[in-house]
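Notes follow the structure.
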Amino acid sequence: MIYTLTLNPSIDYHIRLLDFTEGTINQVQNEWKVEGGKGINVSKVLKNLGMESMILGFVGGFTGDFIRGQINQQGIAHQLIQIAEDSRINMKLKSSVETEITGVSPRISEPALHELFEQLEKLTDEDFLVLAGSVPDCLPTDIYQRIIQHLQTRRVRIFLDTKGQALRNSLSQHPFLIKPNHHELGELFGVKITSPQDAIIYGRKAIQLGAENVIVSMAGEGAVFVNSQQAFLAQIPPSEPVNSIGAGDSMVAGFLFYYVKTGQVAKAFQYAVAAGSTTALSKGFCTPEKIQQFLPRIIITEITEKGC
């Protein structure tokens, strides 16, 4: 079974207007609300691809009811833990420029956190766990590290998609896959990554710190994949993205989907890039049809040590 954990789910409230002027009334042209959170997004993409998963996390209040209801409507299994405070609302304003306002995270009590660890006790070496997204301020920044440590004897394969201190703390626990973008990987090592060659060099440094596999998304320059034996560069055709939401989550879901079916990392990487790219080029998440159409347009090159 695939499990996805979102510690900080949200309602994402999208509003679109022709222009935004501070200090006056602005008329909204269009609005919509969706359940948000990186792990939840991974489960939604997996559902699109025909693969079942189980959503874990914390929700509370009327906003939590909305999140749970939307997940139920899509037929995705979940074991969301009820907390006392309202789940957050994030506002995503789209006009001449795109602005995001992130809501306040609810507090997660010790009993609720204990309940999550009890859920994780049921995982086995046949399971995958996706740890994705930000860590609420009320939880320690090493919470992902603690979760991975807790599951080590069960040999659960961990997909980790986070950044900053939460990522740094977790590398020593040998997650199966991490997926930083080039900005997040650069932040990890205090450098600026400007090319796929840089991404391969610092991806290998992340391997040395404990990650087993690394995917680095490079926006318009494609992506790189690195593990201890291989490095691949994925080049994509020039295109103008129309959707900035969920492309990275789609990459995680795409890799997971193909890897679970075949165990092939190179082909899973190519599928992941196709999933992320088609989400970026669509108004919604990727679909199997769009991925299959895009796959032949991705050029995968194996990079040798001399190639760096």
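Quick one: how many residues across the stretch 77-119 are surrounded by fewer than 16 Cβ atoms within 10 Å (Cβ to Cβ) and assigned to a strand (DSSP E or B)?
Final tally of qualifying residues: 8.
All but one of (1) more than 13 Å from the chain's Cα centre (by Cα); (2) closer than 19 Å to His183 by Cα hold for Ile245; state the number of the condition that does not hold.
(1)
Filter the stretch 197-217 down to residues that are over 22 Å from Ala253 (Cα atoms), in contact with a strand residue (DSSP E or B) (Cβ under 7 Å, 6 or more places away or on another chain) and in contact (Cβ under 8 Å) with a residue 60 or more places away in the chain, then give me how many there are.
Number of matching residues: 0.
Table: residues versus (1) over 30 Å from Pro296 (Cβ atoms); (2) touching a residue at least 40 places away in the same chain (Cβ under 8 Å); (3) of a type in the set (D, E, K, R).
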{"residue": "Leu167", "(1), (2), (3)": "yes, no, no"}
{"residue": "Leu171", "(1), (2), (3)": "yes, yes, no"}
{"residue": "Ala219", "(1), (2), (3)": "no, no, no"}
{"residue": "Gln235", "(1), (2), (3)": "no, yes, no"}
{"residue": "Ala247", "(1), (2), (3)": "no, no, no"}
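Quick test for you: out of Val130, Val135, pick the one residue that is within 17 Å of Ala253 (Cα to Cα) and out of contact with any Pro (no Cβ under 7 Å at 6 or more places or on another chain).
On the way: Val135 fails: within 17 Å of Ala253 (Cα to Cα).
Of the residues listed, the single one that is within 17 Å of Ala253 (Cα to Cα) and out of contact with any Pro (no Cβ under 7 Å at 6 or more places or on another chain) is Val130.
Determine whether Leu113 is within 20 Å of the chain's Cα centre (by Cα), of a type outside the set (S, T, N, Q) and at negative phi. Step through it out loud before you land on a result.
Numbers: within 20 Å of the chain's Cα centre (by Cα): no; of a type outside the set (S, T, N, Q): yes; at negative phi: yes.
In short, no.
Would you call Val135 within 17 Å of the chain's Cα centre (by Cα), at pLDDT below 95 and not in a helix (DSSP H, G or I)?
Details: within 17 Å of the chain's Cα centre (by Cα): yes; at pLDDT below 95: yes; not in a helix (DSSP H, G or I): yes.
So Val135 passes the test.
Of all residues in the stretch 252-287, how many are small (Gly, Ala, Ser), surrounded by fewer than 16 Cβ atoms within 10 Å (Cβ to Cβ) and in a loop (DSSP other than H, G, I, E, B)?
So the first thing to find is which residues in the stretch 252-287 are small (Gly, Ala, Ser), and the list is 253-254, 263, 266, 268, 272, 274-277, 280, 282, 284.
Right, trim to surrounded by fewer than 16 Cβ atoms within 10 Å (Cβ to Cβ) and you get 263, 266, 284.
Imposing the further condition that a residue be in a loop (DSSP other than H, G, I, E, B) reduces the set to 263, 284.
Of the residues in the stretch 252-287, 2 are small (Gly, Ala, Ser), surrounded by fewer than 16 Cβ atoms within 10 Å (Cβ to Cβ) and in a loop (DSSP other than H, G, I, E, B).
Within the stretch 53-76, can you find the residues that are among the polar types (S, T, N, Q) and either in a strand (DSSP E or B) or surrounded by fewer than 17 Cβ atoms within 10 Å (Cβ to Cβ) (or both)?
Asn72, Gln73, Gln74
Given the options Glu22, Glu31, name the one that is modelled with pLDDT under 95, open to solvent by 40 Å² or more (accessible area, probe 1.4 Å) and in a strand (DSSP E or B).
Glu31
Cβ-Cβ under 6 Å, sequence separation 6+ or interchain: first residue in the stretch 51-72 and under 11 Å from Ser10 (Cα atoms), partner β-branched (Val, Ile, Thr) and assigned to a helix (DSSP H, G or I). Which pairs?
Val59/Ile67
Could you list all residues from the stretch 267-288 that are over 16 Å from Lys44 (Cα atoms) and not small (Gly, Ala, Ser)?
Lys267, Phe269, Gln270, Tyr271, Val273, Leu281
Go through (1) in a strand (DSSP E or B); (2) open to solvent by less than 40 Å² (accessible area, probe 1.4 Å); (3) more than 20 Å from Arg107 (Cβ to Cβ) one by one and return the number of the condition Asn41 breaks.
Status for Asn41: all satisfied but (1).
The values are calculated or read from the model by the stated rules, or taken from the named source; none is laboratory data. What you are looking at is a predicted structure, and each value in this text was computed from that prediction instead of being measured. FYI the Cβ positions are ideal-geometry reconstructions off the backbone, even for glycines, and counts take in every protein chain you see. Surface areas here come from the heavy atoms of the whole protein model, side chains and all, with no ligands, DNA or RNA. Shrake-Rupley method; radii C 1.70, N 1.55, O 1.52, S 1.80 Å.
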